[in-house]
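Here is the structure we will look at, set down as structure tokens.
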Amino acid sequence: MRAGVKIVVALLVLRAAVGAAQTDVTVHVAPGKYKNFHHLEFVLTRANTRAPFGASRYGARQLALVDGQFEVFVHKSHFPIAARPGGEFLILRMPAGADATKTLLFGQVAALLRGERAEVQVVVELDPYYDPLQQRLRENNIFFRTAGGKYIDRVGKLDGV
């Protein structure tokens with residue numbers, strides 16, 4: 001099978017796997033010092049986002065901001081990038097490090113989960129688990145885009161961060 005046909009087939013399979021998810025997604029590539037970084041815009045809604053639940057190795061999961069770090073669960077069926085099999089959700093995490101940009105985003109996400117907002121536009125970093133050749137995640141973890149300890153709410157190359 002020729003490479004061009006393989007790519008078209010892979011895209012059709014990806015579109016079918018995504019199902020009801022947003023399929024008109026653009027994965028943005030920002031060059032880094034040693035590798036490229038892949039990120040996309042995504043809209044969190046009450047339909048696709050849940051507060052953390054269950055247990056982790058640190059105890060019961062809950063929606064909480066601790067040193068700038070928090071996490072929410074995103075339904076895989078609503079996320080535009082396919083992920084490895086297993087589980088119903090992706091874990092969308094904000095890395096640690098207290099900062100006003102993270103606190104502001106946490107407030108918006110908490111308001112969404114309380115039903116006080118309809119949606120929250122976010123930028124999601126797909127690395128380190130994104131495979132650009134297969135256009136899928138190798139793990140069920142994604143991150144809010146950050147640089148220099150701050151949440152980055154835009155796509156594209158980072159200048160002056």
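The values are calculated or read from the model by the stated rules, or taken from the named source; none is laboratory data. Note that this is a predicted model, so its numbers are computed, not measured. Counting neighbours? That spans all protein chains shown, and the Cβs are built from the backbone with ideal geometry, glycine included.
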Query raised in the report: Of all the strands (runs of 3 or more DSSP E) wholly in the range 68-161, which have at least 2 residues that are within 14 Å of the chain's Cα centre (by Cα) and closer than 24 Å to residue 34 by Cα?
Result: 89-94, 119-125, 141-144
Query - Among (1) surrounded by 15 or more Cβ atoms within 10 Å (Cβ to Cβ); (2) more than 18 Å from residue 47 (Cβ to Cβ); (3) at pLDDT 95 or above, the one test that residue 90 misses - result: (2)
Query - Criterion: buried (at least 16 other Cβ atoms within 10 Å of the Cβ), in contact with a strand residue (DSSP E or B) (Cβ under 9 Å, 6 or more places away or on another chain) and free of Cβ contacts under 8 Å to residues at least 60 places away in the same chain - qualifying residue of 65, 112 - result: 65
**Report entry** Members of the range 28-69 that are modelled with pLDDT of 90 or more and within 17 Å of residue 112 (Cβ to Cβ)
**Finding:** 41, 42, 43, 44, 45, 46, 47, 48, 49, 50
